[in-house]
Amino acid sequence: MTTAEGFAPAKINLTLHVTGQRADGYHLLDSLVVFADVGDRLSYDPGPQMGITVTGPFGPGVPLDRSNLVWKAAEACGWTGHIHLEKNLPHGAGIGGGSSDAAAVLRDLGGSAELALGLGADVPVCLSQAPQRMAGIGEVLAEVPTVPALDLVLVNPGGHVPTPDVFKALAVKDNPDMGALPEFADREQFVEWLAAQRNDLEAPALALAPQIEGALAALQGADLVRMSGSGATCFGVFADEARAEAAARRIATAHPDWWVVACRSFGRV
């Protein structure tokens with residue numbers, strides 16, 4: 001019997017400050033993370049053996065064996081059976097991808113939060129869909145309850161940007177953190193604060209993948225434009241749903257080979 005369908009939302013790093021590097025090579029981060037109403041979907045058929053089927057626009061190339069984080073997460077939960085993954089998010093795109101999928105499996109199959117970090121640095125933050133501040137290597141989490149929902153356009157111009165390469169190209173690795181977060185009274189105050197923050201990986205990612213510059217340029221006219229994670233997905237913050245959808249249509253028409261979607265982030269709960 002198939003269980004209820006699970007949802008793995010896109011993870012968006014509204015900010016990403018790289019604040020140091022540990023002796024073991026892991027980078028220390030300070031990031032404000034939100035999740036959006038676009039993502040991958042999963043369903044489960046219990047059985048004696050593990051297996052994965054992947055469909056969806058970004059299904060080709062996704063591993064179907066134990067190297068897939070979905071498989072590893074199910075095993076960590078002590079579950080066996082067949083998982084169907086509908087891959088709607090581009091992979092290697094700075095918006096969660098496999099980490100969000102793995103977190104969805106932990107949620108859906110009753111896995112503990114303690115299992116998350118062993119699956120990957122981004123998996124713990126993906127366990128909750130609430131806005132969160134993520135620090136350390138990803139294990140230090142705090143909900144930020146005054147972050148409002150945002151109307152966004154996500155744009156990925158294509159091309160995989162390997163995260164290790166981006167971090168390696170980062171010249172300065174001990175940058176300032178976000179400081180104390182204020183309590184945001186409204187959307188306008190939040191966007192004003194957000195504009196003063198950074199993604200420290202944007203410059204090195206641009207050097208490695210010049211197409212990111214085109215995605216940032218296509219989003220001009222938004223209240224705020226920035227790259228998410230280590231790229232190549234960029235986001236624009238728009239005043240309302242209608243403006244976001246109009247911008248998404250315009251960009252998709254001009255660049256039919258790009259992944260472009262209007263969405264809304266999950267805000268204060």
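The values are calculated or read from the model by the stated rules, or taken from the named source; none is laboratory data. Please read all numbers here as calculations on a predicted model, not as lab measurements. Methodologically, a virtual Cβ is constructed for each residue, glycine included, from the backbone with ideal geometry; neighbour enumeration extends over all protein chains shown.
Results, tabulated for the structure shown:
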item: Hits in region 48-93 - residues which are free of Cβ contacts under 8 Å to residues at least 24 places away in the same chain and among the hydroxyl-bearing types (Ser, Thr, Tyr); result: Ser67
item: Some residue of region 45-65 being of a type in the set (Ser, Thr, Tyr) and over 28 Å from Trp258 (Cα atoms); result: no
item: Residue list for region 20-57, restricted to those being surrounded by fewer than 18 Cβ atoms within 10 Å (Cβ to Cβ) and among the hydroxyl-bearing types (Ser, Thr, Tyr); result: Tyr26, Ser43, Thr53, Thr55
item: Among the residues listed as Leu201, Leu208, the single one being under 27 Å from Val147 (Cα atoms), surrounded by 15 or more Cβ atoms within 10 Å (Cβ to Cβ) and under 20 Å from the mean Cα position of the chain (by Cα); result: Leu201
item: Residue identified as touching a Leu at 6+ places or on another chain (Cβ under 8 Å) and without any contact (Cβ under 8 Å) to a residue 24 or more places away in the chain among Glu192, Glu213, Glu245; result: Glu213
item: Ala121 vs. criteria in contact with a Gly (Cβ under 9 Å, 6 or more places away or on another chain), in a loop (DSSP other than H, G, I, E, B) and more than 18 Å from Gly6 (Cα to Cα); result: yes
item: Any chance Leu109 is under 26 Å from Pro164 (Cβ atoms) and either outside the structural domain of Ile137 (by TED's automatic domain parsing) or in contact (Cβ under 8 Å) with a residue 40 or more places away in the chain (or both); result: no
item: Search result, residues across region 137-151 that are surrounded by fewer than 17 Cβ atoms within 10 Å (Cβ to Cβ) and not in a loop (DSSP other than H, G, I, E, B); result: Val140, Ala142, Glu143
item: Given (1) in contact (Cβ under 8 Å) with a residue 40 or more places away in the chain; (2) surrounded by fewer than 24 Cβ atoms within 10 Å (Cβ to Cβ), number of the condition Cys126 does not satisfy; result: (2)
item: Single unsatisfied condition, Gly97 versus (1) farther than 29 Å from Thr146 by Cβ; (2) surrounded by 24 or more Cβ atoms within 10 Å (Cβ to Cβ); result: (1)
item: Those residues of region 100-110 which are surrounded by fewer than 22 Cβ atoms within 10 Å (Cβ to Cβ) and at pLDDT 95 or above, in sequence order; result: Arg107, Leu109
